[in-house]
1. What tally of residues in the range 337-351 results from selecting those that are farther than 12 Å from Ala60 by Cα and either in contact with a Leu (Cβ under 9 Å, 6 or more places away or on another chain) or of a type in the set (A, V, I, L, M) (or both)?
2. Can Arg252 be described as more than 25 Å from Gly70 (Cβ to Cβ) and not small (Gly, Ala, Ser)?
3. Suppose we filter the range 333-348 for residues that are surrounded by 20 or more Cβ atoms within 10 Å (Cβ to Cβ) and either assigned to a loop (DSSP other than H, G, I, E, B) or in contact with a His (Cβ under 6 Å, 6 or more places away or on another chain) (or both); how many remain?
4. Check Ser358, Ser320, Ser354 and return the single one that is under 20 Å from Glu253 (Cβ atoms) and at pLDDT 95 or above.
5. Yes or no: the range 82-89 includes at least one residue that is assigned by TED's automatic domain parsing to the domain that holds Tyr344, part of a helix (DSSP H, G or I), of a type in the set (D, E, K, R) and surrounded by 15 or more Cβ atoms within 10 Å (Cβ to Cβ).
6. Wholly within the range 243-332, which helices (runs of 4 or more DSSP H) include no fewer than the required count, namely at least 3 residues that are aliphatic (A, V, I, L, M) and buried (at least 23 other Cβ atoms within 10 Å of the Cβ)?
7. So which residues in the range 354-388 are charged (D, E, K, R) and over 20 Å from Phe303 (Cα atoms)?
8. Among the residues of the range 154-169, write down those that are surrounded by fewer than 20 Cβ atoms within 10 Å (Cβ to Cβ), within 29 Å of the chain's Cα centre (by Cα) and assigned to a helix (DSSP H, G or I).
Amino acid sequence: MKKVLLLLVILCLSVSAISAQDDVLTVDTSQSLGPISPFVYGSNLGQNAIIPLSMMDTAAAAGINFARLGGGDSDRFDVRNSVVDVFIYQARAIGAEPLMTVRLAGGSPEAAAEAVRYANIERGHNIRYWSIGNEPNIFGSTLGDDYTAERYNREWRAIAEAMLAVDPEIILVGPDITQYVPLSVDGENIVYSEGEDGGHPRDSEGKDWLIEFLRANGDLVDIISFHRYPYPGLGDTRDAIATIEDLRVNSREWDTIVPNWRQIILNTTGREYPIAVTEINSNSSLSCGGEASLDSFYNALWFADVLGRLIENQVDIAASWDMQGIGPRCYGLITSNSVRPIYYSYLMYTHFGSELVSANSTDPDVSIYAALREDGALTIIVINLGPETATRTLDLGDFEAGDDAEVWLFDGTHNAQLQNAIALTSGAQITVPAQSMTLYVIPAA
C-alpha cells in the first residue's frame, strides 16, 4: 500500500513538473523586433474632450504621444479656427503629436484647404498629420446617406489634392473605416466578420471599402487607418455590454486582424504602408457601470493587452477613444477631476522600453511583452486575464540581471503602484495575481 501511495506521489510530482515546464514565459533579447513607435501611446481629443487646466499635469503623466481631433463631429461641422487653436494647445501641453481631421460629408476642398492654410501657414502650428472624414463606411447609418465607396474615393481625393496644394509636406492618414475585420485572406478570397458580428467591410454595391480606397487613392495616402470596437458592433446588439469573459478572449483577434490588413494592402498595392488604429475601445456605445464596461478595471486590463499586441504587430499609431469624458461619457481616460482605470494602463507603459524583443507565452490567458530601454534594462509586461493567480517559469535566455528587478502592479487594488523589488534571473518563477498587469524592470549586468 505504501508503495502504491509513493508511486502516486511521484506521479503527481512528475505531472506538476511537466506542467511547470510547459508554463514557461520566454524572452529572447538577442531577437530584436525593432523600435516601438512612440505614437502607439495615443488618444483622441474629440471636440467634447476638453482637458481641465487642473488635470493637465495628470494627463501629461500618462505618456500620451499622439492626439487625434476626429470622431463623428468631424463630418457635421467644418473645423473652426478656435477649435484648432484649443486642440493644438492641449496636444502640445501634454507632449502629443497632433492629427487634425477635416470634414468630408458636406465638406469641400476649399474649406479643407483653408483649414490647412490657417493652421500651418497663418498660425504656424505645423500640424503634420491630417485625415479626411470619419468612418465613411457607416455614413448610411450615421448620416442617413447611401454613401458608396466610389463616391467617397472621388470626394476624398479632391479634398486631399486641395490640402496638399497648400502644404505639400503634410502626411495624410486614411481611410479611417471602422469595423473592417478580415478573418482570413487567401488572395482575393477574404473572409470578414460582418453585420451583427461587428463588421462592415463592403458598401451597398458590394465593393470592399479598403481595397477600393487603395486602388483610387493609394498614391496620395501615407498611413492606412482603421477603427475597431469589438462590442457591440453594428447590428441589433448595439446597446450590448461586453462581459469579462467576452473581453478575456477578444484581445487575441489583433494577432489575426493586423497581419490580414497588411496582406490585403500588399496584395492591392504591391507595397507596405504604416498602419494606424486611430480609434479603439471595447464598446462604441456608452456602456457604463458594468463589470467590463468602458469605465471598468477589466476594460483597462483588456486594453493593456490589446496595446501589447498592437506593439508586437508593429502598428505605428494607436489612439484610444478618448482622452476625457464626464458623466455618461465614461470612455475617457480622465474626468473633470479624476482618472478612470484605463489611465493606469497607459501609466504602466511609461516604464516600458523602446526596442521590442521576442517574448512568448503558451498560455492564452497570460500574455508577455518585452522591450529593452536605452539604459540596457530589460522591461517585461505580464498580463493575466484569467480568474486565477498564475505561477510561471521565466526564461530570459542569455540576459544577465545586474540587480534586483523593479516591480509595478496594476490590478483591482493597485493602481500602477511600485512593489518590493525582487531578484529575477533566468529560470526563476514569478507569480502574478488574477486579472492583473505586472511590469518588471531588470537592470542589465
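The values are calculated or read from the model by the stated rules, or taken from the named source; none is laboratory data. Computed from a predicted model, the values in this text were never measured in an experiment. Backbone-built Cβ (ideal geometry, glycine too); neighbour counts: all protein chains shown.
1. First, pick out the residues of the range 337-351 that are farther than 12 Å from Ala60 by Cα: 337-342, 344-345, 348-349, 351.
Narrowing the set further to residues that are either in contact with a Leu (Cβ under 9 Å, 6 or more places away or on another chain) or of a type in the set (A, V, I, L, M) (or both) leaves 339-342, 345, 348-349, 351.
Number satisfying all stated conditions: 8.
2. Values: more than 25 Å from Gly70 (Cβ to Cβ): yes; not small (Gly, Ala, Ser): yes.
So Arg252 fits the description; yes.
3. Residues in the range 333-348 being surrounded by 20 or more Cβ atoms within 10 Å (Cβ to Cβ) and either assigned to a loop (DSSP other than H, G, I, E, B) or in contact with a His (Cβ under 6 Å, 6 or more places away or on another chain) (or both): 2 in total.
4. Ser320
5. Of the range 82-89, the ones assigned by TED's automatic domain parsing to the domain that holds Tyr344 are 82-89.
Pick out the ones that are also part of a helix (DSSP H, G or I) and you get 82-89.
After this cut, where a residue has to be of a type in the set (D, E, K, R) as well, the list is 85.
Going one step further and asking which of them are surrounded by 15 or more Cβ atoms within 10 Å (Cβ to Cβ), we end up with none.
No; the residues of the range 82-89 include none that is assigned by TED's automatic domain parsing to the domain that holds Tyr344, part of a helix (DSSP H, G or I), of a type in the set (D, E, K, R) and surrounded by 15 or more Cβ atoms within 10 Å (Cβ to Cβ).
6. On the way: elements: 244-250, 254-269, 297-312.
Helices (runs of 4 or more DSSP H) meeting the threshold: 297-312.
7. Initial filter on the range 354-388 (charged (D, E, K, R)): 355, 363, 365, 373-375, 388.
Residues satisfying the conditions are Glu355, Arg373, Glu374, Asp375.
8. Glu155, Arg157, Leu164
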